[in-house]
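Engineer: I'd like to ask you about the structure that follows.
The values are calculated or read from the model by the stated rules, or taken from the named source; none is laboratory data. Only a predicted model underlies this, so the values are computations on that prediction, with no experimental measurement involved. No Cβ is skipped: glycine too gets one built from the backbone with ideal geometry, and neighbour counts run over all protein chains shown.
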């Protein structure tokens, strides 16, 4: 049960903070802001001699809403963990958490948690400005984490005699796979990228047959809202389609028998 009230909290924090009751918590409205101008709230509960602070998942929820997929990428998760480790904040089930045993230390703890919330919401900018190179970096990191062997930037000659640079060639005990990563921040460029990948897969079709047959995967970075359904349908006629918003499914496909 929450035994602390707003009056001592307001006295400790000063005029820049507002306090109000919020169910079993006290809601502390801070001077910190999300990138879109929303105010950062921190929620306080007292259990015995321990003060628990949390954002109730609002910061990662805000970050999730900035992408169409509603998923955090592996790189975003690593960045969140780095922020928490640097500032001494716990990340559990999507919430940022801190504990404090001394009420006099509450202002410093609230300030630190507010900083963590702002830094995590700023991860949005890394998603917003990503290029094909940084998207491929994330895929490379993921493959390493999954202990999937790969070569990057593989040059292959198609039946037309043209040389194509495929983003990844992976190898597992059960299959070898070529992977094109489709990533852009521009809706106007999305269809051109899809057509380029289709042309590449079409020219490399001979690699899909024979005893050393390759699997073809088109991996869409769908964390940016730029792709139309027609782009997915265009490439799936010549390759399997995976979405970067669900990296585990991509990993399972590469390891499939």
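Engineer: Output yes when any residue across region 5-24 is within 28 Å of the chain's Cα centre (by Cα) and in the same structural domain as residue 110 (by TED's automatic domain parsing), and no when none is.
Structural biologist: Step one: filter region 5-24 for residues within 28 Å of the chain's Cα centre (by Cα), giving none.
Looking through region 5-24, none of the residues is within 28 Å of the chain's Cα centre (by Cα) and in the same structural domain as residue 110 (by TED's automatic domain parsing).
Engineer: Take residue 130 and tell me if it is at pLDDT below 85 and on the phi < 0 side of the Ramachandran plot.
Structural biologist: Details: at pLDDT below 85: yes; on the phi < 0 side of the Ramachandran plot: yes.
Here the answer is yes, as residue 130 does meet what is asked.
Engineer: With the checklist (1) surrounded by 14 or more Cβ atoms within 10 Å (Cβ to Cβ); (2) without any contact (Cβ under 8 Å) to a residue 60 or more places away in the chain in hand, flag the one item residue 92 doesn't pass.
Structural biologist: Exception for residue 92: condition (1).
Engineer: Now a separate question. I'm trying to understand the selection: among the residues of region 7-51, which are assigned to a loop (DSSP other than H, G, I, E, B), out of contact with any helix residue (DSSP H, G or I) (no Cβ under 9 Å at 6 or more places or on another chain) and farther than 22 Å from residue 119 by Cβ? Break it down into steps so the answer makes sense when it comes.
Structural biologist: In the first step, residues of region 7-51 are kept if they are assigned to a loop (DSSP other than H, G, I, E, B); the result is 14-17, 23-24, 34-38, 48-49.
Cutting the leftovers down to out of contact with any helix residue (DSSP H, G or I) (no Cβ under 9 Å at 6 or more places or on another chain) gives us 15-16, 23-24, 37, 48-49.
Within region 7-51, 15, 23, 24, 48, 49 meet the criteria.
Engineer: What number of residues within region 52-68 satisfy the criterion of being in contact with a helix residue (DSSP H, G or I) (Cβ under 6 Å, 6 or more places away or on another chain) and under 19 Å from residue 103 (Cα atoms)?
Structural biologist: Summing the residues that are in contact with a helix residue (DSSP H, G or I) (Cβ under 6 Å, 6 or more places away or on another chain) and under 19 Å from residue 103 (Cα atoms) in region 52-68 gives 2.
Engineer: Return the residue satisfying two criteria in turn: it lies in region 162-192 and is assigned to a helix (DSSP H, G or I) and touching a helix residue (DSSP H, G or I) at 6+ places or on another chain (Cβ under 8 Å), and of such residues it is surrounded by the fewest Cβ atoms within 10 Å (Cβ to Cβ).
Structural biologist: Step one: list which residues in region 162-192 are assigned to a helix (DSSP H, G or I), which gives 187-192.
Now narrow it down to the ones that are touching a helix residue (DSSP H, G or I) at 6+ places or on another chain (Cβ under 8 Å): 190-191.
Values: 190: 20, 191: 15.
Result: 191.
Engineer: Then there is this: If you check every pair at least six apart or on different chains, which have Cβ atoms under 8 Å apart with a residue in region 35-54 that is not assigned by TED's automatic domain parsing to the domain that holds residue 115 and exposed (fewer than 11 other Cβ atoms within 10 Å of the Cβ) first and a residue that is part of a strand (DSSP E or B) and at pLDDT 95 or above second?
Structural biologist: From residues that are not assigned by TED's automatic domain parsing to the domain that holds residue 115 and exposed (fewer than 11 other Cβ atoms within 10 Å of the Cβ), there are no pairs.
Engineer: I need the full set of residues from region 215-226 which are touching a residue at least 40 places away in the same chain (Cβ under 8 Å) and crowded, with 19+ Cβ neighbours inside 10 Å, in order please. Before you say what the answer is, go through the steps one by one.
Structural biologist: Kept after step one, since they are touching a residue at least 40 places away in the same chain (Cβ under 8 Å), are these residues of region 215-226: 215, 217, 219, 221-226.
Answer for region 215-226, where residues must be touching a residue at least 40 places away in the same chain (Cβ under 8 Å) and crowded, with 19+ Cβ neighbours inside 10 Å: 217, 219, 221, 222, 223, 224, 226.
Engineer: A further question on this structure: Check whether at least one residue in region 110-124 is modelled with pLDDT under 95, outside any loop (DSSP other than H, G, I, E, B) and exposed (fewer than 13 other Cβ atoms within 10 Å of the Cβ), and report yes or no.
Structural biologist: Scanning region 110-124, I find no residue that is modelled with pLDDT under 95, outside any loop (DSSP other than H, G, I, E, B) and exposed (fewer than 13 other Cβ atoms within 10 Å of the Cβ), so the answer is no.
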